[in-house]
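Worksheet: the structure to be examined is printed underneath.
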Amino acid sequence: MARTTALVALMLLTACNRNTDGGKAAPDSGEDKPGSGGACATTFRYTPTGDTPPDNVAVAGIFNNWDAEANPLIEVSSGVWEGTVDLPPGAHPYKFVEVTEWSMGERFEGFVCDPDADLIHCEDGYKEPWELDWSHTCGSGTESTCNSLKIVADCAVPTLKVDRLTVDRAGGTLDLSISGVAGDGGAIADVQATLDGSSIAVSWTGTTGTVRATGLDSGRHTLRVDATDAGGNTAEQLYVPVWMDGAGGTPFREGSIYFAFVDRFANGDVSLDGSEGATAPIADYAGGDFAGVTQMLDYLDDLGVRTIWLSNPQDNAEGAWAGDCDAVYAGYHAYWPDQARGIEEHFGSEADLHTLVDGAHARGMRVIMDWVANHVHEDHPYMAHPEWFNDLAVCQDSSGGQSNWDRIPESCWFAPYLPDIDYGQPEILHLMVDDALWWAKTYELDGLRVDAVKHMPHAVVWNLEQRIRNEIEHSEAGGDTEFWTVGETFDGLERIQAYITQEGRPQLDGQFDFPLYYAVNSAFGDRSINLRDLEGALLTSEAAWGGALMSSFLGNHDVMRFTSVNTEGWQSSCEEGVGLRAAWAPGDSGIYARMKLAWTFLYTQDMVPLVYYGDEFGIPGYTDPDNRQRLSWYVPGVDG
């Protein structure tokens, strides 16, 4: 009787963890794909880890409608099961099925994720919104709520792989070992490499090769390797960035990070200026651009900035859209992307962005961009696939007395014109992360600031971090140049902690420390707590974050400016009967002395201090959008 009860319980548990999605086929992204695009023989390999080995093993996924019998594996050696499935190029969620045959014809099917898989896929409802202790563990007897994810490349084209990367900074050398596999087009016929845009020799045997670079200076260097097979098909380019300076692989603690909010920071090219029809100038484009940031690099260098955070450079929606205070706003803030890989024309051109990044690198500064992945604008071409988006439910609305911000944080829409991405769909999960890596590789970025982390499933940051390790850092091959992923989770300590890499789990490298932000403002701003309380908040943060590379801050673009909130209290930028309004410099000059003390504290802690543009000298600002005033003190022709 006990065995029958256990069997029923196990079968119910299996049904709950099977993670089907109705057998929905992954739609085509609409992008051109190289090669034939036909089905490719895809190998699955699994070694059960339980005390009692299964009688049989199969692989199940969307590709076979989660059928536990459609694709059995073969035990190729003791305890090792293997098999192939013909799959088209794309993203394929799957699990292994451990089958145990019991007496009287009873059969138990246990679905388990792949412990050797790099990528994951979490379907809608994989956890309750309030759960903070989510984890992903695979193997016999586990109960993972998420699937494994296999990205099938087009087998018609060749592939390249980094086998070993060795960097000698003292000697100024770099050694790269690679291997390649030909596609259906025949043997790899040609392999070429560039270092910082110039050709460099490759020693190639037909399946393996080496590249050696010598005499490297102490800056940043980028090695790119391309391969072509006899049929003319090209492999995905290998991208190997290396910093040779003294900071080596851990540069971000060497100084501050500065958020150069592009549109409001500095105007370097007035030919790009123009309105999108917002209600007031404060809600419209103000003229800042990439050329302006480039002109300010010496200023930032003198300020001790070692990392520049840029607004999202993706093209944003044209026109003006409904916002607070019965006003319409433009996308000057860059959080309304309407293109995946196009540049925002108000900010400049592709060449302007390259010039900015190159200029920062020449000064030894790293560059990160804002990655907006929770949503797109309704004008985005991805809207051609409505199945990639959650049903409309605006975050500000409520249901059953509970705000959608808390009730459905991973599926609510920030605004009716900002469709929320349904990351339960594997194709868009893969495509969005692919877009992020495209920006990083194309513009030689050194990190990503990940927006709205808690509003996306864990699979997003998990897959992002894992692909960065494999395709940018090459950490398993010996690479040690760090690419920093720092997240924005506007919440308390436990929820921030839930998205940070811990115990080897591939999530974010760090986040912004919001709990410490409030403590610093309370201690030095309105002086509502004493320094002992501040020390307690700091110790709490340090214990929670462990070895994560966190960032502390005095303010950002989502909160009131330090000098305003700590002299006037909370003030909306929207005044009834007036409309949008702007704060003036505070009359209490003592706030600047308190601000200096706050900066002194932040700059002496083991975090990366964030300087939100203008906070270095205390410009005023009420709530959004007034906390995003122009850095007018530096704009030519405007008195500061």
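Roughly what % antiparallel, to the nearest 5, for the DSSP beta bridges in the chain?
On the way: 75 of 103 bridges.
About 75 percent, rounded to the nearest 5.
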The local net charge around residue 140, scoring Lys/Arg +1 and Asp/Glu -1 for residues other than residue 140 whose Cβ lies under 10 Å from its Cβ, equals -2
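For every other residue with a beta carbon closer than 11 angstrom to the beta carbon of residue 478, add +1 if it is Lys or Arg and -1 if Asp or Glu, then tell me the sum.
Summing Lys and Arg as +1 and Asp and Glu as -1 gives -4.
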For every helix of n ≥ 4 consecutive DSSP H residues, a contribution of -39,500 (n - 2.57) applies; sum these over the chain, divide by its total residues, and give [θ] at 222 nm rounded to the nearest 500 deg cm²/dmol. -5500 deg cm²/dmol
Relative contact order, percent, region 63-153 [alpha-carbon distance under 8 Å, six or more residues apart]: 30 percent
Return a single number: how many Lys pairs in the chain, at a sequence separation of 8 or more or on separate chains, have alpha-carbon atoms below 25 angstrom apart. 15
Suppose every K and R has +1 on its Cβ and every D and E has -1 on its Cβ; what is the size of the dipole of the chain about the Cα centre, in Debye to the nearest 20? 1320 debye
Using a probe radius of 1.4 Å on heavy atoms only, what accessible surface per residue do you get for the chain? Whole Å² is fine. 41 Å²
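Taking the Cα centre as origin and putting +1 on Lys and Arg beta-carbons and -1 on Asp and Glu beta-carbons, what dipole magnitude results for region 116-256, to the nearest 20 debye?
580 debye
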Considering only protein heavy atoms and a probe of 1.4 Å, how much of the accessible area of region 180-230 is carbon and sulfur, as a whole percent? 47 percent
Charge dipole of the chain about the Cα centre (unit charges at C-beta), most positive-ward option of 478, 577, 270: 478
Arrange the peptides 551-561, 211-221, 292-302 so that the one whose residues have, on average, the most other Cβ atoms within 10 Å appears first. 551-561, 292-302, 211-221
The chain: relative contact order from alpha carbon pairs under 8 Å, six or more residues apart, as a whole percent, is 10 percent
In region 506-640 the accessible area split gives carbon plus sulfur, as whole percent at 1.4 Å, a share of 53 percent
Environment charge at residue 539 (Cβ cut-off 14 Å; Lys +1, Arg +1, Asp -1, Glu -1): -4
Just how far, in whole angstrom, is region 535-578 from region 69-145 if you go by their alpha carbon centroids? 43 Å
Could you state the angle between the C-alpha long axis of helix 350-362 and the longest principal axis of the C-alpha atoms of the chain, as a value from 0 to 90 degrees rounded to the nearest 10? 80 degrees
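The values are calculated or read from the model by the stated rules, or taken from the named source; none is laboratory data. Because the structure is predicted, anything quoted here is derived from the model rather than measured. Positions of Cβ are generated from backbone atoms using ideal geometry, with glycine treated the same way; all protein chains shown enter the neighbour counts. When the accessible area is computed, the model is the full protein with side chains, heavy atoms only, and any ligands, DNA or RNA have been set aside. Shrake-Rupley method; radii C 1.70, N 1.55, O 1.52, S 1.80 Å.
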